[in-house]
Number of protein chains: 2
Amino acid sequence: TVNPDLASERQTASFSVEKLTAQLDGGAEHTRIRRAVVQAIECDPVFSRENQYFQSQNERYEAAVRKAVHLQKKMHEMGWTENGPEFKYIYRALSGDVAFLLHRIFMRSISVLGSDKQIAKWIPLATQYRLIGSYAQTELGHGTYLQGLETTAVFDITTQEFILNTPKISAMKWWPGDMGRSATHTVVFAQLYIHGKCYGVHPFIVQIRSLQDHSPCPGITAGDIGPKMNFEHVDNGYLMLQNVRVPRENMLNKFCEVQPDGTYIRRGSQKINYFTMTTVRISLISDEVIIPLMKACTIAIRYSVVRRQSKLKPGEQEAKILDYQTQQEKLLPPLAAAYAFHFINNYLQELFDKGYREIQRKNFDMLPELHAFSSGFKAMVTQYCTSAVEICLRACGGHGYSLLSGLPSLYTKILASCIYEGENTILLLQTARFLIKCFMTASAGQPVPPSVTYLAAVKPGKCPAKNKLDFLSPDIYTEAYQHMAVRLVSSTAAKLQDLIQSGVKKHDAWNQCTVQLVQAAKAHCHYITVKNFAETVEKLETKAGIQKIMKHLCDLFALHGIFSNAGVFLHDGYISGAQMDMVTASYLDLLAVIRKDAVPLVDAFDFTDKSLNSALGSYDGQVYQRLYEWAQKSPTNKQMSPAYEWYLKPLLHNTLSKI
Amino acid sequence: TVNPDLASERQTASFSVEKLTAQLDGGAEHTRIRRAVVQAIECDPVFSRENQYFQSQNERYEAAVRKAVHLQKKMHEMGWTENGPEFKYIYRALSGDVAFLLHRIFMRSISVLGSDKQIAKWIPLATQYRLIGSYAQTELGHGTYLQGLETTAVFDITTQEFILNTPKISAMKWWPGDMGRSATHTVVFAQLYIHGKCYGVHPFIVQIRSLQDHSPCPGITAGDIGPKMNFEHVDNGYLMLQNVRVPRENMLNKFCEVQPDGTYIRRGSQKINYFTMTTVRISLISDEVIIPLMKACTIAIRYSVVRRQSKLKPGEQEAKILDYQTQQEKLLPPLAAAYAFHFINNYLQELFDKGYREIQRKNFDMLPELHAFSSGFKAMVTQYCTSAVEICLRACGGHGYSLLSGLPSLYTKILASCIYEGENTILLLQTARFLIKCFMTASAGQPVPPSVTYLAAVKPGKCPAKNKLDFLSPDIYTEAYQHMAVRLVSSTAAKLQDLIQSGVKKHDAWNQCTVQLVQAAKAHCHYITVKNFAETVEKLETKAGIQKIMKHLCDLFALHGIFSNAGVFLHDGYISGAQMDMVTASYLDLLAVIRKDAVPLVDAFDFTDKSLNSALGSYDGQVYQRLYEWAQKSPTNKQMSPAYEWYLKPLLHNTLSKI
């Protein structure tokens, strides 16, 4: 039975939840396929995440390996293939709790960087799991800055081998997933030396563990890097190489080759690598960032209509905490953001599909724009969603702090997305570099990519809004965002030029502007997100109430952004203090409107109880019963602690009767 | 040997680190005592935290109990007493990793709420550890709103007992520390019923476990609530009561009593309880919030001068990451905040000591102000420090995400401080209520407490700063904060009155203003913190360079606050856009200035390596060596995983030779 406080929320939905779900999935047929995959995975006990919050790092790792092995069987059984429509739902259905994800990166890097011969040799072996691959790039002392990697690969002309070494401790490979305990092979990135000359970083296939007994190969020291904030299921590892020899054919050589006599040949375009990096950043946004936020919103919002605390009106029963304005202000902007980012993700996917088609036609013109997009949006979306998940956790008070709520693990996992695949600050600075360049180009009257033509159209002016309702017009707020983004880009470009003209060296000037450059890059991404949300709403079907509620969310997302970043809109007077009061009024009004549909809006995300794995967020809202039942399963309740016999009993020894 | 990149940072300190440490401790004699306590604790292997990051919840609990028991012996051995000067350093030296903290709350609640007779009976038993106490207030369904508690205590006149019951699942006690596994007794808060009439919430001493064998007493169901985001060392527990009878004397009856015939008598003032709650909030600020932030700053800043990445100038060696403006912008404002909060904590301590003296003289006039202070500052400082610790963690990239950095556990622990002892939003609303009331009183020309007289002095005006150097004047920025706080309080008061005058009911009007009320309360606390920092700097000795560097930190704290909350300063034009550019310029200039002293400024916090327990933050900066050594101690490296035999080997079975 559904908790009546939750059930009542569903009866007054202003729209069709099922239709919105289909909209989010991209059509009812996709919804059907997704549900079938989820159903098949969740009814299989091998994939259960039931005891996850009670497991040690070792137990989590073992479960992930077991699931990865079982998944091969399951896919075969179900007739799912890597190219089939079901595939993209598998990872989501498993909540990412599975091993060998780096095995896929191993394969991808060979496919992209390897010659046809190398692909023909290694891909079948990997596909059949005759080896387990990993990808060893990051070192203890080196992350983002690839040129700084210290691992060496020296070509030995006499034996036609590369000799790989870890010259010092900071050169030790550190972090690669699947490498701590599972991998037999890995792609090692190392500085290539031929006849004493360094040719930069290149990839080498290296066997690291015996296929007989899994013991380390000669010259290999490898292990697990130990406990992390999350990702207990992944054996992130370390690797030291001491005179490890691999044959010449093990350098991935699609783009460059060392010939038997030591001649180094570079061929073709390396730009495609660049593109691979950008696609990884885009592909993680949905599964690793937006879905976790959607889950956190589902948990926190369902809990907030079940939890009652204090009285809103004297004499009445205690109020649902979602009826408090402060709780709405915590949870509804993240909910709006989840939708905003879902739509911007669709936009990015389309953009990248188009880019991919162009690249296949050897047209690389879109690359700088795609790189800027993937960097900026990866940073902006991961940052925003991480903060939003933390807000959801804290909005559930003490119960949110319990692992059983599911929120702590969502938080500690999404947090990593701000760091991996490019640290966010560095990424935003790459976007900023693109924006500054485009701004200069546009100012000089030259053409720029379509997404940044707005930088050329600098209009001074003021926001024309006259009352709070004007701020519910997408034209009004989109224009405000655009104005603000242009101002931040142009003023930072001006500062940069001023510094350089006053004699500051270019790199120093750049460093002195980076705080503002980061701000400008965020402003650009924020503007594009608002604009895309507004345009998406425009195109939605007007039936079933979906367009109406999405319009409210779009307004909320936009106005929350102005309210929370008021300074950048007020700075040059584009929005006046009086107008900011209108923004605030409309923003607070919207909270009360959207609050009515809050539960249907999270129901539309269509998470099963098993995928939420939360004592607070289940569909039936039986929060307290579930917390109690789950707590009893904790190992802390399964044994009389030795602490009693050893410490408490002797301490209490002189009081052996009832007081 | 100290890493040369770290050593060089210490050679150029602009001030005496040792003198600053003494300043922070409140005199060199305190430094000496603190170091002696830390030394005694850290050289005792029972108190070791060495393997903490590898331990399970059960192991953490056992260690905490072992430490608590051993601590009694140690204190005796060392001649430390609860009233001695060493006592306050013990908890800090243990990093709070010890059991029976609720035992102290149990004792405190009896001392405060119990009659002399009750004190005479229970306090000696507790002091001698003939029982272990806990404090059972929070329920599954009830936290902040005490009146909503559902546990009942019905007076049975025939047996002269109270019958305690948990009438439904939401009434189950949930969260009390030390209760899951350790406590034999607890103070249960329950609704008192006599002859069917409810007299509200009262405290009852209840035995929950046998002193013979620690089994639950009749009618008691108790256990551990399971895994949390941190606090694995504490057995937060649940408790259900079924017709549990306690004698009439077990109701704590200093302020109210049930006589044998069922007559209920209330006596004396209960205001002192109110004061107890406020003192707990103040007392946690230092140990649970500021010290963890100081540790996080120490770790992140030391790491940031050891870690080199990418090039700042072409052709040079890779740069220390602290030389990047963006990294300075992440870490130096938290560092300044750590100092700001240290000083505001001193101020609050003095204020509360004064308040306590007044209360002992039966003068309760200061109570509302003290309550508002303790609520607002608890919320503001916990919120700020939690965000700051998260920033420190993320600023260390991947290594910050490893538990071995020490940062994840600092974060997951400090996060709880936003929730416990009053959820922050609720607390800020209590401060706001006080501010609104004082503002109304002051507007009517009536006297208000000294800390809020500024609310009466509303001056319109504009900020007089003419160039960026003017913003390094404490008068200029303190005035700006004051103006902003007054504006937020007064405009919210006006909105509230407008709503009520337009016919909205008082409680609805309040709810519609809560987002802005929270903002106003934060602004007030922020203003007082800046003002106090500026006044403290004024009084510091000018020798040894301490005043100078503290002045820089004060400026940075203040300007960072204006830069990050630009909207509220720009809103009414008090600060213009052009002036905000000056703020930004001065703020960014200060980053480069303070960066030079960053390492000495964290060295002054004087944490030992053992208390930091961090592979990144040690005094010698041997980061990579330590990460590698610690990782090898992980249980994930101590055993061949069964996953190999069970899953990997069968998977790889058809490839039993080197590829």
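The values are calculated or read from the model by the stated rules, or taken from the named source; none is laboratory data. Keep in mind that this is a model prediction, so the values were computed, not measured. A quick note on method: Cβ atoms are made from the backbone with ideal geometry, for glycine too, and the neighbour counts reach across all protein chains shown. SASA here: full protein model, heavy atoms, side chains in, ligands and nucleic acids out. Shrake-Rupley method; radii C 1.70, N 1.55, O 1.52, S 1.80 Å.
Accessible area of segment B:130-267 with a 1.4 Å probe: how many percent of it is carbon plus sulfur?
On the way: 2280 of 4480 Å².
Accessible surface attributable to carbon and sulfur in segment B:130-267 totals 51 percent.
Could you run the Karplus curve 6.51 cos²θ - 1.76 cosθ + 1.60 with θ = phi - 60° over segment B:257-268 and give me ³J(HN,Hα) per residue in whole Hz, x for Gly and Pro?
My calculation for segment B:257-268 gives 9, 9, 7, x, 8, x, 5, 9, 10, 9, 9, x Hz in order.
Can you give the helix-only mean residue ellipticity at 222 nm for chain A, where every DSSP H stretch with n ≥ 4 adds -39500 (n - 2.57) and the sum goes over all residues, rounded to the nearest 500 deg cm²/dmol? Can you show the working numbers first?
Details: 23 runs with 345 residues, N = 659.
When only DSSP H runs of four or more count, the value is -17000 deg cm²/dmol.
Starting from the Cα of B:C198, step 7 Å along the direction of its Cβ; do the same at A:R245; then give the gap between the two resulting points in nm.
8.4 nm
At R0 = 25 Å, how high is the FRET efficiency between B:D261 and A:E318 if r is their beta carbon distance? Nearest 0.05 is fine.
Values: r = 34 Å, r/R0 = 1.36.
For B:D261 and A:E318, the calculated efficiency is 0.15.
Just to check I understand the Karplus step: with θ = phi - 60° and J = 6.51 cos²θ - 1.76 cosθ + 1.60, what whole-Hz values come out for segment A:173-183, glycine and proline as x?
5, 8, 4, x, x, 6, 9, x, 9, 8, 5
Any number yet on Rg/Rh for segment A:286-361, C-alpha, Kirkwood?
Working: Rg = 19.2 Å, Rh = 14.9 Å.
Ratio value, two decimals: 1.29.
What accessible surface, in Å², does a 1.4 Å probe find on B:K88, ignoring ligands, DNA and RNA and rounding to the nearest 10?
So the heavy atoms of B:K88 present about 120 Å² to solvent.
Between copies, how far does the label point of B:E350 sit from its twins, in nm, shortest first, when each point is 7 Å from Cα along Cα→Cβ?
Inter-copy label distances (nm, one decimal, shortest first): 6.3.
Counting only other chains, what is the mean number of Cβ atoms within 10 angstrom of the Cβ of each residue in peptide A:392-403? Don't skip to the end; give the middle numbers.
Working: counts 0, 4, 9, 2, 1, 9, 13, 7, 3, 12, 8, 5.
That average works out to 6.
Under the convention of a label 7 Å out along Cα→Cβ, give the distances in nm from B:N83 to the same position in every other copy, shortest first.
Listed shortest first, these distances are 8.4 nm.
If you roll a 1.4 Å probe over segment B:539-608 with all protein chains in place, what percent of the accessible area is carbon or sulfur? Don't skip to the answer; put the middle values down first.
On the way: 1210 of 2100 Å².
Carbon with sulfur: 57 percent of the solvent-accessible area.
Once the other residues with Cβ under 12 Å from the Cβ of A:E479 are scored (Lys, Arg +1; Asp, Glu -1), what is the net sum? Each step should come with its number before you reach the end.
Working: positive: A:K459, A:K462, A:K531; negative: A:D470, A:D475.
The answer is +1.
Taking 8 Å as the Cα distance limit and 6 or more residues as the minimum spacing, I'd like the relative contact order of segment A:130-267 as a percentage. Numbers along the way, then the final one.
Details: 326 pairs, mean separation 37.1, N = 138.
About 27 percent, as a whole number.
How big is segment B:497-574 in terms of Cα radius of gyration and Dmax, in angstroms?
18.5, 62
Sorted by accessible area (1.4 Å probe), largest first, how do B:S502, A:S111 line up? Please report the intermediate quantities before stating the final value.
Details: B:S502 85, A:S111 55 Å².
Largest accessible area first, the list is B:S502, A:S111.
Using the Karplus equation 6.51 cos²θ - 1.76 cosθ + 1.60 (θ = phi - 60°), what ³J(HN,Hα) coupling, rounded to whole Hz, does each residue of segment B:128-138 give in order, writing x for Gly and Pro?
So the Karplus estimates, Gly and Pro as x, are 7, 6, 7, 8, 10, x, 9, 9, 9, 10, 4 Hz.
Could you pull out every residue, at least 5 positions away or on a different chain, whose amide H is within less than 5 Å of the one on B:T151? Hs are placed 1.01 Å off N in the peptide plane, and Pro or chain starts have none.
B:Q191
Can you give me the long-range amide H partners of A:V244? Hydrogens built in the peptide plane at 1.01 Å from N, cutoff under 5 Å, separation of 5 or more residues or another chain.
Amide H to amide H, under 5 Å and 5 or more residues apart or across chains, A:V244 pairs with A:L164.
Set the Förster distance to 41 Å, then compute FRET efficiency between B:K459 and B:D287 from the Cβ-Cβ distance, nearest 0.05.
Plugging the Cβ-Cβ distance into 1/(1 + (r/R0)^6) gives 0.55.
For a paramagnetic label modelled at 7 Å from the Cα of A:T1 toward its Cβ, which residues of segment A:598-623 fall within the zone defined by backbone nitrogen distances under 13 Å?
Counting backbone N atoms under 13 Å from the label point, the list is A:622.
At B:K649 and A:E535, where each label point lies 7 Å from the Cα along Cα→Cβ, what is the point-to-point distance in nanometres?
Here the modelled spin labels are 5.8 nm apart.
Can you tell me how segment B:234-306 classifies by the Cα gyration tensor, rounded, prolate or oblate, using a/c under 1.5 as the rounded cut? If you can, show how the numbers build up before the last one.
Details: a/c = 7.82, a/b = 2.42, b/c = 3.23.
Because a/c hits 1.5 or more and a/b fails to exceed b/c, segment B:234-306 counts as oblate.
Counting only the backbone N, which residues of segment A:20-57 are under 20 Å from the spot 7 Å out from the Cα of A:K88 toward its beta-carbon?
Answer for segment A:20-57: A:20-41.
On full extension of the chain, what length is gained from A:E358 through A:D609, given 0.36 nm per residue of separation minus the C-alpha to C-alpha distance? Present the calculation step by step, with values, prior to reporting the outcome.
Details: separation 251, 0.36 × 251 = 90.36 nm, distance 4.20 nm.
My answer for the length gained is 86.2 nm.
Average partner chain C-beta neighbours within 10 Å, per residue of B:582-593? Could you put the intermediate results ahead of the total?
Numbers: counts 0, 0, 4, 1, 0, 1, 5, 1, 0, 2, 2, 0.
The shielding value for this peptide is 1.
Just to verify a number: FRET efficiency for A:M440 and A:R35, C-beta to C-beta distance, R0 = 41 Å, to 0.05? Let's see the in-between values first.
Details: r = 51 Å, r/R0 = 1.23.
Using R0 = 41 Å, I get an efficiency of 0.20.
Below 8 Å between Cα atoms, with a sequence gap of 6+, how large is the relative contact order for segment A:509-659 in percent? Before the final figure, lay out the partial values.
Details: 57 pairs, mean separation 17.0, N = 151.
After rounding, I find 11 percent.
Rolling a 1.4 angstrom probe over the protein chains, ignoring ligands and nucleic acids, what is the accessible area of B:D156 in square angstrom, nearest 10?
Only protein atoms counted, so the area is about 30 Å².
Roughly speaking, what % of Cα-Cα pairs in segment A:130-267 are separated by over 20 Å, rounded to a whole number?
Of the Cα pairs, 43 percent sit more than 20 Å apart.
Please arrange A:T514, A:T263 by accessible surface area, largest first, computed with a 1.4 Å probe and ligands excluded. Numbers along the way, then the final one.
On the way: A:T514 5, A:T263 55 Å².
Solvent-accessible surface, decreasing: A:T263, A:T514.
Take every Cα pair under 8 Å in chain B that's 6+ residues apart, average their separations, divide by the length, and report that relative contact order as a whole percent.
On the way: 972 pairs, mean separation 101.0, N = 659.
Dividing the mean separation by the residue count of chain B yields 15 percent.
Could you pull out every residue, at least 5 positions away or on a different chain, whose amide H is within less than 5 Å of the one on B:S16? Hs are placed 1.01 Å off N in the peptide plane, and Pro or chain starts have none.
B:I546
Mean Kyte-Doolittle hydropathy of -1.0 or higher plus an axial Cα length of 15 Å or more: which whole DSSP H helices in chain A meet both?
Values: long enough: A:28-42 (21 Å, -0.34); A:57-78 (30 Å, -1.27); A:101-113 (18 Å, 1.19); A:116-127 (16 Å, -0.13); A:271-284 (21 Å, 0.40); A:291-306 (23 Å, 1.31); A:325-360 (52 Å, -0.52); A:367-395 (41 Å, 0.51); A:424-443 (28 Å, 0.97); A:474-501 (40 Å, -0.07); A:506-539 (46 Å, -0.46); A:546-564 (27 Å, 0.75); A:577-595 (27 Å, 0.81).
Answer set is A:28-42, A:101-113, A:116-127, A:271-284, A:291-306, A:325-360, A:367-395, A:424-443, A:474-501, A:506-539, A:546-564, A:577-595.
Please compute the modelled spin-label separation between B:C43 and A:K271, points set 7 Å along Cα→Cβ, answer in nm with one decimal.
6.8 nm
For B:Q55, what charge total do you get from the other residues with a beta carbon under 11 Å from its beta carbon, if Lys and Arg give +1 and Asp and Glu give -1? Could the numbers behind the result be given before it?
Details: positive: B:R49, B:R60; negative: B:E50, B:E59, B:E62, B:D97, B:E232.
Value of the local net charge: -3.
Sort A:Y193, B:Y477 from largest to smallest accessible area, using a 1.4 Å probe on the heavy atoms of the protein chains.
Final ranking, largest accessible area leading: A:Y193, B:Y477.
Whole number please: convex hull volume per residue, Cα atoms of chain A, in Å³. Intermediate results must be reported in sequence, preceding the final value.
Details: hull volume 148.0 nm³, N = 659.
In chain A, the Cα convex hull volume per residue is 225 Å³.
I'd like the accessible area for B:K121: 1.4 Å probe, protein heavy atoms, all chains in place, Å² to the nearest 10.
So the heavy atoms of B:K121 present about 90 Å² to solvent.
List, shortest first and in nm to one decimal, how far the label point of A:P368 (7 Å from Cα along Cα→Cβ) is from its counterparts in the other copies.
Result, one decimal in nm: 6.4.
Using only alpha carbons, build the gyration tensor for the protein assembly as shown and give me the equivalent ellipsoid semi-axes, biggest first, whole Å. Write down the numbers at each step before the final one.
Working: eigenvalues 468, 293, 223 Å².
Those come to 48, 38, 33 Å.
Taking the Cα centre of each part, how many Å lie between segment B:456-491 and segment A:28-95?
59 Å
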